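Input: a single structure, listed below in structure tokens.
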């Protein structure tokens, strides 16, 4: 069995062990699923390079739908990246989202869903990038994998040390605001990675369509850990 398939099997078998990643329960009554593909015609009326306009869209949609938290899907082919220069990959846009986004208020707590150690961290400051980023390393049943937390507050990567132990349910970070998080509406980008490929403090969160299958094995479905019913 290849590594990614084995890790998926392990996560499926241990799903009851994983703790929450944010304070708000990601239940059907609380969650609104955003569509950031070309199928959502509302996006064509928004200047997606304007952080305030995008933030207002997120906020107003949650109010309209009477939901506490928004989520954005794994492996979604997103229109929003095709308009940002950072996601241009030598002429081919990177648009396949490799994580799950959780759209919640800035300064919201983020928790480690399982034990591990700090693999790396960095402030990826380019417009549209992750901003402050934390990556944890986990070992379950002999298989090593990683969880990435992007768009954090600056304080989230202060006083951290590579190799530092992290317990299940530890507060590991806080959601950053648009001034520090890569100029995005406040949210957490959560990603599960099977091989860091030598990366440190960063890893692609969006892939070009031509490399879709390659990244599908490297970055498996984060909902194996998050367990959001509306994304099944």
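The values are calculated or read from the model by the stated rules, or taken from the named source; none is laboratory data. In this text, all values refer to a predicted model and were calculated from it rather than measured experimentally. Quick reminder, even Gly has a Cβ in these numbers, built from the backbone with ideal geometry, and neighbours come from all protein chains shown.
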Flag for residue 156 being closer than 16 Å to residue 190 by Cα, touching a residue at least 12 places away in the same chain (Cβ under 8 Å) and not in a strand (DSSP E or B): yes
Candidates 28, 35, 49, filtered to the one that is farther than 16 Å from residue 186 by Cβ and at pLDDT below 90: 49
Considering only segment 138-153, how many residues are without any contact (Cβ under 8 Å) to a residue 60 or more places away in the chain, within 21 Å of residue 7 (Cβ to Cβ) and outside any strand (DSSP E or B)? 1
Filter segment 110-137 down to the residues that are surrounded by 22 or more Cβ atoms within 10 Å (Cβ to Cβ) and free of Cβ contacts under 8 Å to residues at least 60 places away in the same chain and list them by number. 116, 131, 132, 134, 136
Residues being in a loop (DSSP other than H, G, I, E, B) and within 28 Å of residue 68 (Cβ to Cβ) - total across segment 159-169: 3
Taking the stated definitions as given, is residue 171 under 28 Å from residue 54 (Cβ atoms) and buried (at least 16 other Cβ atoms within 10 Å of the Cβ)? no
Can you name the condition, by its number, that residue 173 falls short on among (1) modelled with pLDDT under 95; (2) in contact with a helix residue (DSSP H, G or I) (Cβ under 6 Å, 6 or more places away or on another chain)? (1)
